[in-house]
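Laboratory data are not the source of any read-out in this text; all were calculated from the coordinates shown. Since this is a predicted model, take the numbers as computed values, not measurements. A quick note on method: Cβ atoms are made from the backbone with ideal geometry, for glycine too, and the neighbour counts reach across all protein chains shown.
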Amino acid sequence: MRILFTAVAFTLLCTLHAQQWNWAADAGGGGNTDFCYGIATDSQGSAYWVGTVSGSADFGCGTLAPGSTIAGFVAKADANGVCQWVRGITVGFNDAWAYGIAIDAQDRIYVTGSYDGNADFGNGITLNSMGSDDIFLARYDVDGNCIWARRAGSSG
């Protein structure tokens, strides 16, 4: 068994390639439950990520302190990993989640998620849920402005 383990370890060590990290980023708050659910890059090499935060969360270029239990977020870092902006998706005292992100060839940002209540996407864009949790699709520009948001869901 020891020979087999040594052979496997030797093979792995000889075939692994070292990865070079360009940068790493973190965000969140002390003792809170914060999650990143999706990441995408644009044509300029900027990285965008979406997720949820609970309580106050520091992103290095802004802090989210939602009134809700859980808030969704969209954030941008430039090609060097420097945070450019963060935008919250908040719902009063209910919850909002941002689960997915995609960026098209014109660098238009699309975010999907769900919410319960009256969601505020910033830039004067709001959605009202029809019952409990509804889903949304929102479009943002590269400066973090919400351009529009659409909902789907049922009253039950």
At the level of C-alpha centres, the distance separating region 106-156 and region 42-86, in angstrom, is 16
Checking rank on 141-148, 54-61, with mean other Cβ inside 10 Å and highest first, the result is 54-61, 141-148
Rounded to the nearest whole number, the Stokes-Einstein translational diffusion coefficient of region 34-152 at 25 °C and 0.890 mPa s (Kirkwood radius, C-alpha pairs) in µm²/s is 177
